[in-house]
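The next block holds one structure in the form of structure tokens; read it before the comments.
The values are calculated or read from the model by the stated rules, or taken from the named source; none is laboratory data. Just so it is clear, the structure is predicted and the values come from calculations on it, not from any experiment. Here the Cβ positions follow ideal geometry from the backbone for every residue, glycine too, while neighbour counts run over all protein chains shown.
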Amino acid sequence: MELKSNVPTGPIEQAWDRHKFELKLVNPANKRKFNILVVGSGLAGASAAASLGELGYNVQCFCFQDSPRRAHSIAAQGGINAAKNYHNDGDSVYRLFYDTVKGGDFRAREGNVYRLAQLSVNIIDQCVAQGVPFAREYGGLLDNRSFGGAQVSRTFYARGQTGQQLLLGAYQALERQIGLGAVKMYPRTEMLDLVVVDGQARGIVTRSLIDGKLEAHIGDAVILATGGYGNVFYLSTNAKGSNATAIWRAYKRGAVFANPCFTQIHPTCIPVSGDYQSKLTLMSESLRNDGRIWVPKTPGDKRPPSQIPDSERDYYLERRYPSFGNLVPRDIASRAAKTECDSGHGVGETSLGVYLDFTDCIKRLGKGKISERYGNLFEMYERITGENPYEVPMRIYPAIHYTMGGLWVDYDLMSTIPGLFVLGEANFSDHGANRLGASALMQGLADGYFIISHTIGNYLATAKLAEVTADAPAAKDAIANVVSITRKLLGTNGTRSVDSFHRELGKIVWDYCGMARNEAGLKKALSVIPTLREEFWKTVRVLGSNEEFNQSLEKAGRVADFLELGELMCLDALERKESCGGHFREEFQTPEGEALRDDEHYSYVAAWEYRGPSASPALSKEPLAFDYVHPTQRSYK
Amino acid sequence: MKIILHIWRQKSSQDKGRMVRYEHRDVNEHMSFLEMLDVLNEQLITKGEDPIAFDHDCREGICGMCGFMINGKAHGGFPRTTVCQLHMRRFKDGDELYLEPWRASAFPVVKDLAVNRSSFDRIIAAGGFISVPTGSAQDANNILVPKQGADLAMDAAACIGCGACVAACPNAAAALFVGAKISHLGHLPQGQPERHRRALSMIRQMNVEGFANCSNIGECEATCPKDIKLEVIARSNRDFLKASCLERPAAEVAGVG
């Protein structure tokens, strides 16, 4: 398959402006004749639905939670980047662009990233106008903090709840459009298939989670803003409901899946405590601004941290990366923690943890200042672990947090199915092989507020759209597909619960396709995942019926998809014989143990195309060109 | 440890519902409350019984999706704690706990412990926003917000919309939820142009949804997992009163054509 990125040629600084001018427009009076279906109500989905409603389109928006305000964007803690240079510390659009391309280990499209950096400034303006209560200085100006992978302070924040406040801003804009009748909202409604007519995305099939009613919704374009697939790993920082079903079923209808093996491990999460554990909790990266990470110098040192003198502590990030210190990017910090634990320096009961210590900064700034900055995080830590981080250092360990991979999209955010647009974490576009902190919120809102509102108009103005109704053969076929999946899940009546399969899959993917990967392990995973999947369809036990509120049935459908997606992740990881960003192949590393890229052979986007249940997917490659930021080995030393 | 649970089971909004007793012997003090229910559900599935339905999503205390009554207290009644962040170390071996869904006619039961809170969304849709279409904003630092105003706005904006305030209130009033949004936006200069209109629309919608009036009991403040203060209710009452006095019929549209 040929993948046309449609990135404008010419000087990168003017590319987006020129492209916007070249896009065809839809006349204001004609906009209300177009129906747009938006799936997902997080930062990307809510901002897209609200902005398109404001423009005058007919919008329908769907989310599986009981309210659009619950979407998992709400859990983002630390902040959102913008190249405002309010602090006169040398920031610029170009520097944010540079940091993001470098942070992504040269596996993202330059054109997309530049546009993202440009739009970052508009996002802050928009959010402040909406009433997002960002942190302020005494003079009333906006405050900033710094984040991993950057040497300037460009992160805007609202205490430790930045995602919540940005989402509530988008949610309120969305509710305003709902109140005005421009958007119709369908909460507790899950998308289970895509309707493709004449090669164009023309609708979705949904199931009401309240009473199981299946419905085909027809539209002129479909937007998926359904988030990432980190829950393949079972234990992740994602919400329990976060799932890949919408993008996976679109993949099976022909949308190409890009870079599935690019997953991000967040270095600062609370370690696992037992086998009943249902999810992992993140401690914001912003804590690395003031906390110092260390392990005991002697392996197996079980003394309490307060009794280990400074001379017997190894502040390994400060030692290995003196210029970035504790603020190295996430992939590097995560791997360094793994290295320390693998060599016996880990702390805590399981020895899978390192200390994040605030003693020095409490001495320097006082407890009050630290509590003002991180009070809610400290409290959350204490609630979960029963330990007080003002007195005892936090124990942290890496966990799956974000997925850079996702459905392939072009510069207009359109997938390989015309009329199917993909926004936010659900697409693959801007973060390459590693996302920098405080960039996910930026991308979700750039996509939803400022990009889709322009690019979708061009599609609607130029596409030839036939009349389609809910009883079109393609819609009936999609409903029949959903019915058959549901029947199979409910009819198996086996012996094992859905969760037990999910846990087992998660362990396989974490062990073989997690923080470090190698050929033998990936091949092993590729042989055991299909066996597990077979067992799932033979022995899964899902009780109850379709026609009721049935949380086991919801989970079963999502886990069935994870069992397929997990395999594709391993296949992609096996195929990419280099290390880059979050994808660390043990066979490819520098003598110092850093990721060793192979730009000659792997400077491309790996895009996988579904070819039926029994064939293996086909790989297409979109080559990446770097005209502005010259690929070098990333150095944070 | 062992916990005796009495859980409200109700198949759907039409069903009558009843309390059912469960003996849970596999409780570990490090489990969260919801993980304890996960383990119970796994056991029910093995026995072929319908697992207990409850709402939850982020399990970090921020999405606001979880929540039910534990022994008559919303989220269990521990300070600043949603039920997903409540750990079993707060309970003792042999404790007997009664779990019920939020009780309010504006929150009909969906199943077991899950309720429908769409009424909250409709209150926000009525006026809980600042009208600023995408693309129409000025540079962010052109709007100066005194730090104190920003901090007070943030205190109120921390509301997660879980509904515990309604469930804890003897009147099932939504005054704390509504007051939090009115205060959040009212503390900011950006929120001033629509301040009075917002108070009128939101409070009217609140009444339409069947939430009762506030009688200043304060259970909501005591139970709020995000520490929203009663002060927000005073503030929204003030805005509402002022708005009611100032309200005028909408002006005739002038200059058409």
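Things worth noting here:
- Every residue from the stretch A:510-521 that is over 20 Å from the mean Cα position of the chain (by Cα), closer than 14 Å to A:Phe588 by Cα and surrounded by 16 or more Cβ atoms within 10 Å (Cβ to Cβ): A:Arg517, A:Asn518
- Take the conditions (1) buried (at least 23 other Cβ atoms within 10 Å of the Cβ); (2) of a type outside the set (Lys, Arg); (3) more than 7 Å from chain A (Cβ to nearest Cβ); (4) assigned to a loop (DSSP other than H, G, I, E, B); B:Cys84 misses just one of them, which is (4).
- Residue in the stretch A:491-509 that is free of Cβ contacts under 8 Å to residues at least 12 places away in the same chain, surrounded by fewer than 19 Cβ atoms within 10 Å (Cβ to Cβ) and more than 14 Å from chain B (Cβ to nearest Cβ) present: yes
- Some residue of the stretch A:539-546 being surrounded by fewer than 16 Cβ atoms within 10 Å (Cβ to Cβ), assigned to a helix (DSSP H, G or I) and among the hydroxyl-bearing types (Ser, Thr, Tyr): yes
- All positions within the stretch B:154-205 that are surrounded by fewer than 24 Cβ atoms within 10 Å (Cβ to Cβ) and among the hydroxyl-bearing types (Ser, Thr, Tyr): B:Ser201
- Qualifying residue in the stretch A:528-548 (condition: within 23 Å of B:Gln43 (Cα to Cα), of a type in the set (Phe, Trp, Tyr) and within 14 Å of chain B (Cβ to nearest Cβ)): no
- Candidates A:Ile36, A:Ile12, filtered to the one that is surrounded by fewer than 24 Cβ atoms within 10 Å (Cβ to Cβ) and more than 14 Å from every other protein chain (Cβ to nearest Cβ): A:Ile12
- Residue count for the stretch A:291-345, restricted to those that are of a type outside the set (D, E, K, R) and within 27 Å of the chain's Cα centre (by Cα): 17
- Pick from the stretch A:398-429, criterion in contact with a Lys or Arg (Cβ under 8 Å, 6 or more places away or on another chain) and of a type in the set (A, V, I, L, M), ranking: farthest from A:His266 (Cα to Cα): A:Ile417
Results for (1) farther than 30 Å from B:Pro189 by Cα; (2) within 9 Å of chain A (Cβ to nearest Cβ); (3) out of contact with any Lys or Arg (no Cβ under 6 Å at 6 or more places or on another chain); (4) without any contact (Cβ under 8 Å) to a residue 40 or more places away in the chain, shown as yes or no for each residue.
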position: B:Gly76; (1), (2), (3), (4): yes, no, yes, no
position: B:Arg90; (1), (2), (3), (4): yes, no, yes, yes
position: B:Glu100; (1), (2), (3), (4): yes, no, yes, no
position: B:Ala104; (1), (2), (3), (4): yes, no, yes, no
position: B:Asp112; (1), (2), (3), (4): yes, yes, no, no
position: B:Gly127; (1), (2), (3), (4): no, yes, no, no
position: B:Ile130; (1), (2), (3), (4): no, yes, yes, no
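- Pair list, Cβ under 8 Å, 6 or more apart: the stretch B:185-196 residue without any contact (Cβ under 8 Å) to a residue 12 or more places away in the chain and more than 9 Å from chain A (Cβ to nearest Cβ), other residue buried (at least 20 other Cβ atoms within 10 Å of the Cβ) and small (Gly, Ala, Ser): B:Gln192/B:Gly186
- When the stretch A:416-434 is filtered for residues that are over 18 Å from A:Leu445 (Cα atoms) and either outside the structural domain of A:Thr455 (by TED's automatic domain parsing) or outside any loop (DSSP other than H, G, I, E, B) (or both), only A:Leu420 remains.
- Helices (runs of 4 or more DSSP H) enclosed by the stretch A:1-85 - at least 1 residues per element that are in contact with a strand residue (DSSP E or B) (Cβ under 8 Å, 6 or more places away or on another chain) and under 27 Å from B:Asp139 (Cβ atoms): A:43-55
- Among residues of the stretch B:155-184, those that are touching a residue at least 60 places away in the same chain (Cβ under 8 Å) and either of a type in the set (S, T, N, Q) or part of a helix (DSSP H, G or I) (or both), counted: 8
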